[in-house]
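*Asks:* Pasting in a structure now, in structure tokens, and then I'll have a few things to ask.
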Amino acid sequence: MPIHQRILVTGGAGFVGSSVALALKRSHPQTLVTAFDNLHRRGSELNLSRLREEGVAFAHGDIRSLSDLINLPEAPDLIVECSAEPSAQAGYGGSPEYLIDTNLAGCYHCLELARRVHADFVFISTSRVYPYRRLNELAYEEGPDRFHLCAEQTIAGASGLGVSEEFPLDGARSLYGMTKLAGELMVAEYGDAYGIRYLINRCGLLTGPWQMAKADQGVIALWVAAHYFRRNLSYIGFDGSGRQVRDFLHIDDFCELLLEQIVNFETYQGRLFNVGGGAKLSLSLKETTRLCEEITGNRLTITPVAETRPADVRIYLTDHRQLSAVKGWQPERDARTTLADIFNWIRGAEALVKHALM
């Protein structure tokens with residue numbers, strides 16, 4: 001018998017939200033799982049038939065509107081807050097209004113719903129809360145295909161395994177990262193003030209099938225799609241070498257972790273975890289290009305762009321030892337499996353997803 005009977009997934013038609021909603025419904029068919037989304041992001045509407053076919057309810061609404069949330073027909077006993085404007089470049093060169101209203105005011109509205117109906121709360125945060133200048137100060141070595149973190153680091157919370165939860169938070173992190181860090185603080189304060197059980201997952205790069213990637217978000221899925229559809233790409237920043245590195249986590253690995261956390265909520269509640277693939281599951285852009293060429297059989301022109309943009313990061317690896325220490329969690333799906341899954345999804349749904357992806 002599942003602990004929660006009525007689960008609300010905000011951002012539930014997005015990549016992460018729809019994946020989470022479907023995983024919850026498959027795991028607990030008797031649970032009412034509702035995906036809540038404003039369908040603002042291009043391609044999110046393509047997930048509606050998938051949700052419907054597997055018995056996930058859909059509520060069209062906007063977390064920027066508190067009334068949209070509190071007037072849902074069924075009060076949830078668990079809220080999984082996946083909604084976000086997820087781009088680290090959002091707000092630069094223009095107004096941050098949508099970003100802040102969605103990520104910050106929206107989080108507040110979700111917490112208000114949790115307070116009113118006494119629901120548990122899972123907040124999907126991001127590694128982008130860590131200041132990018134601090135990250136770019138980490139000691140590294142240059143290899144022909146990637147940058148490598150040095151084993152010895154002088155900044156607290158950093159090692160050759162990556163960035164832990166103890167990494168300093170002072171400094172600019174991107175407007176997007178600011179909204180998510182503020183959201184984390186708000187979740188913790190609501191938990192303390194109103195007795196809301198919560199957990200926070202600071203996720204690195206999540207990827208996999210059904211990610212409607214864009215140039216500034218979802219780089220691995222974007223890389224596979226560009227190779228599949230033969231669209232040119234650019235290595236942006238850090239001299240245009242393509243050696244910048246991110247760890248990644250297959251969305252199925254994330255969903256399996258989240259299901260385990262929810263079933264064992266008491267074990268995880270009130271805690272914050274870095275969630276990502278770690279040093280063993282990481283790729284540079286050059287390495288991603290090579291894998292994409294092997295999987296798709298296509299070769300592209302990659303244009304070097306030397307200029308580094310605000311909030312770009314040379315190398316980020318998730319040190320997930322704090323999470324793994326709870327129940328031994330480890331990610332399972334490697335780079336080739338992850339990219340092949342994305343490729344097979346695109347090939348099987350090409351007519352449906354082509355315009356949303358490219």
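*Asks:* Between Ala351 and Asn71, how many nm apart are label points set 7 Å from Cα along the C-beta direction?
*Replies:* Those two pseudo-labels are separated by 3.9 nm.
*Asks:* Could I ask something else about it? What FRET efficiency comes out for Asp334 versus Tyr98 if R0 is 35 angstrom and r is the Cβ-Cβ distance? Round to the nearest 0.05.
*Replies:* The computed FRET efficiency comes out at 0.45.
*Asks:* Restricting attention to the range 249-355, which GluC sites (Glu not before Pro) occupy a DSSP loop and are surrounded by at most 16 other Cβ atoms within 10 Å?
*Replies:* Details: sites: Glu256, Glu260, Glu266, Glu287, Glu293, Glu294, Glu307, Glu332, Glu350; in loops: Glu307, Glu332.
Sparse-neighbourhood loop GluC sites (Glu not before Pro): Glu307, Glu332.
*Asks:* Along Cα→Cβ, 7 Å out, is where each label goes; now give me the distance between the ones at Glu266 and Glu54 in nm to one decimal.
*Replies:* The two pseudo-label positions are separated by 2.9 nm.
*Asks:* Take the solvent-accessible surface of the protein heavy atoms, probe 1.4 Å, and return the percent of it on the chain that carbon and sulfur atoms account for. Please report the intermediate quantities before stating the final value.
*Replies:* On the way: 7220 of 14720 Å².
Heavy-atom surface of the chain belonging to carbon and sulfur, 1.4 Å probe: 49 percent.
*Asks:* Okay, next question. Note down the net charge around His118, summing +1 for each Lys or Arg and -1 for each Asp or Glu among other residues with Cβ under 10 Å from its Cβ. Write out the running numbers ahead of the final one.
*Replies:* Working: positive: Arg115, Arg116, Arg197; negative: Asp77, Asp120.
Value of the local net charge: +1.
*Asks:* Right, another one. As an exercise, use a Förster radius of 22 Å and the Cβ-Cβ distance of Ser164 and Ala188 to find the FRET efficiency, rounded to the nearest 0.05.
*Replies:* Details: r = 18 Å, r/R0 = 0.83.
Using R0 = 22 Å, I get an efficiency of 0.75.
*Asks:* Nearest 0.05, what FRET efficiency do Ser234 and Glu142 give at R0 = 22 Å with Cβ-Cβ as r?
*Replies:* It comes to 0.60.
*Asks:* Taking square-rooted eigenvalues a ≥ b ≥ c of the alpha carbon gyration tensor, is the range 232-348 rounded, prolate or oblate, where a/c under 1.5 means rounded and, failing that, a/b exceeding b/c means prolate?
*Replies:* Cα axes put the range 232-348 in the oblate bin.
*Asks:* Quick one: check the C-alpha center-to-center distance for the range 217-238 versus the range 338-353, whole angstrom.
*Replies:* Rounded to whole Å, the Cα centres lie 15 Å apart.
*Asks:* Continuing with this model, one more query. If I take the Cα coordinates of the range 1-50 and project them onto the principal axes, what are the three extents in Å, biggest first?
*Replies:* For the range 1-50, the Cα spread along each principal axis is 37, 15, 15 Å.
*Asks:* While we're here: Once you've got the Cα coordinates, tell me which of Lys214/Lys354; Lys280/Lys327; Lys180/Lys214; Lys180/Lys327 are over 23 Å apart.
*Replies:* Values: Lys214/Lys354 12 Å; Lys280/Lys327 19 Å; Lys180/Lys214 20 Å; Lys180/Lys327 26 Å.
From Lys214/Lys354; Lys280/Lys327; Lys180/Lys214; Lys180/Lys327, over 23 Å: Lys180/Lys327.
The values are calculated or read from the model by the stated rules, or taken from the named source; none is laboratory data. Note that this is a predicted model, so its numbers are computed, not measured. Neighbour counts are summed over all protein chains in view; Cβ atoms, including those assigned to glycine, are modelled from backbone coordinates with ideal geometry. Accessible surface is based on the protein model in full, side chains and every heavy atom, while ligands, DNA and RNA are left aside. Shrake-Rupley method; radii C 1.70, N 1.55, O 1.52, S 1.80 Å.
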